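K.L.:
This is the structure, below, for whatever I ask next.
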Amino acid sequence: MKKLLVIVAALATFGCSKDLGGDVAPINVPSTTTLSGNITATTTLTADKEWTLKGYVYVTDGATLIIQPGTVIKSDISEKGALCIERGAKIQAEGTAAKPIVFTSGKAAGERAPGDWGGIVILGRAKTNRTSEPTIEGGIGRAYGGTDNEDNSGVMKYVRIEYAGIAALPNSEINALTFGAVGSKTIIENVQTIYANDDAFEFFGGTVSPKYLYAYATADDDFDFDFGYTGKVSFSISRRDPAFVDTGDAGNGIECDNDGTGSVATPFTRPVLDNMTLIGPNNAAALSNHNLAMRWRRATQFEVSNSTFIGYMKGGFSLESNETAQAYKDGVSTFKNNKIGTYTPNTALNFISKSAVISSADVKTKALADGNSEIESTDAEILKLEKPSWTTGWTRFPVKGQ
């Protein structure tokens with residue numbers, strides 16, 4: 001009887017607490033608001049507290065990290081944080097438009113900077129095109145991949161990730177949100193990155209198919225695909241800041257490789273992109289490392305439709321290897337019913353081939369025959385595109401530092 005009374009009392013305390021995010025009783029709320037090391041059991045971060053990530057925090061196999069709507073998680077300033085959901089673990093971060101979940105810098109508004117902390121890494125058991133088990137970049141040191149393309153790493157909805165992207169190691173940064181072999185039963189919707197110091201969203205293999213992503217003011221690439229990713233990204237946007245870009249690398253809307261060596265390992269990296277809107281800096285004073293809307297690089301494939309690419313400084317649709325160009329020429333890769341317009345406008349830069357397989361002129365001829373059209377990058381057109389109705393309430397578009 002005493003045990004039953006304890007359970008009833010707990011439910012009375014937590015069961016209907018709307019301020020804590022809903023009708024489900026929190027499970028295993030930490031006694032301290034500073035998170036570090038391993039989370040080995042299902043744990044709830046409640047919205048009535050502000051939480052701090054100190055160093056690399058790992059949610060391990062079998063554990064679920066539950067984050068209530070409206071919760072704010074900041075990084076420790078001296079020991080910069082990152083969150084890794086390992087294979088077999090799950091994240092359950094379901095915010096709402098009115099109460100988004102926010103991961104951000106531990107610094108005060110006005111003092112924040114890109115790279116103030118690491119970012120979020122989700123690892124799964126879906127397929128990659130690696131012959132041996134890979135480990136994720138950024139000093140995380142955890143393995144990913146497997147054979148289960150329907151693997152489930154949890155849910156993220158209505159989440160903002162601000163000022164992430166610390167370079168933990170040379171040429172091995174943590175992105176704002178990294179997916180390593182994440183499976184198709186994982187749900188990722190309505191996630192915004194703000195001033196990421198490396199990539200906004202990077203996909204290493206896997207089949208996860210997110211929608212309603214927004215990459216705002218990224219330093220490097222907004223959407224980066226590698227190691228056999230075969231999922232779909234739809235109804236998503238990127239918007240560049242003319243005055244901010246990676247100083248050591250070119251910043252693109254999309255960068256895509258089969259792998260770093262350009263091998264023909266399978267499954268081929270082949271993102272399916274639908275109803276995307278990528279908006280470049282569209283500004284004569286933009287920093288020089290602002291680059292291309294789409295950089296299809298080493299032996300990759302793709303399917304792109306019903307999307308708009310506008311305002312990039314150095315080009316729109318660029319094929320950068322013979323294998324990539326051959327796949328497009330043969331119809332294995334498709335680019336149909338899209339709108340494209342580079343800055344000025346310079347129509348000679350809308351379609352580019354850097355391969356010996358097909359000329360830039362022939363790429364343009366094929367693209368226009370496939371229902372694509374060239375548009376001018378006007379400020380009025382961009383204003384209509386950059387904030388669709390699904391962004392209302394949970395996104396923000398700050399000046400850098402705020």
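K.L.:
So how long is each side of region 171-285 along the principal axes, counting just the alpha-carbon atoms, biggest first, in Å?
P.N.:
Reported extents, whole Å, longest axis first: 41, 31, 22.
K.L.:
Take every Cα-Cα pair in the chain and report what % of them are more than 33 Å apart.
P.N.:
So the portion of pairs separated by more than 33 Å is 30 percent.
K.L.:
Gap in Å between the Cα centre of region 236-259 and the Cα centre of region 328-402?
P.N.:
The two parts, judged by their Cα centres, are 14 Å apart.
K.L.:
How big is the Rg/Rh ratio for region 264-318, C-alpha atoms only, Rh by Kirkwood, two decimals?
P.N.:
Here Rg/Rh amounts to 1.05.
K.L.:
How big is the Cα convex hull of region 261-402 in projection, averaged over all directions, in nm²?
P.N.:
If you wrap the Cα atoms of region 261-402 in a convex hull and average its projections, you get 10.1 nm².
K.L.:
Under a 1.4 angstrom probe, counting protein chains only, how are ASP76, ASP221 ranked by accessible area, largest first?
P.N.:
ASP76, ASP221
K.L.:
Taking the Cβ of LEU83 as the center, what net charge do the other residues with Cβ under 13 Å away carry, scoring Lys and Arg +1 and Asp and Glu -1?
P.N.:
+3
K.L.:
How charged is the neighbourhood of ASN350? Take every other residue with its Cβ under 12 Å from the Cβ of ASN350, and add Lys/Arg as +1 and Asp/Glu as -1.
P.N.:
Every neighbour counted, the sum reads +1.
K.L.:
Would you mind working out the magnitude of the charge dipole of the chain relative to its Cα centre, with +1 at each Lys and Arg C-beta and -1 at each Asp and Glu C-beta, to the nearest 20 Debye?
P.N.:
Its charge dipole is roughly 800 debye.
K.L.:
Return one whole number: the accessible area per residue of the chain in Å², for a 1.4 Å probe.
P.N.:
39 Å²
K.L.:
If you don't mind, there's one more thing I want to ask. With all protein chains present, how much of the accessible area of region 181-329 (probe radius 1.4 Å) comes from carbon and sulfur, to the nearest whole percent?
P.N.:
45 percent
The values are calculated or read from the model by the stated rules, or taken from the named source; none is laboratory data. Every value quoted in this text rests on a predicted model; they were computed, and no experiment measured them. Neighbour counts are summed over all protein chains in view; Cβ atoms, including those assigned to glycine, are modelled from backbone coordinates with ideal geometry. What goes into the accessible areas is simple: the full protein's heavy atoms, side chains included, and nothing from ligands, DNA or RNA. Shrake-Rupley method; radii C 1.70, N 1.55, O 1.52, S 1.80 Å.
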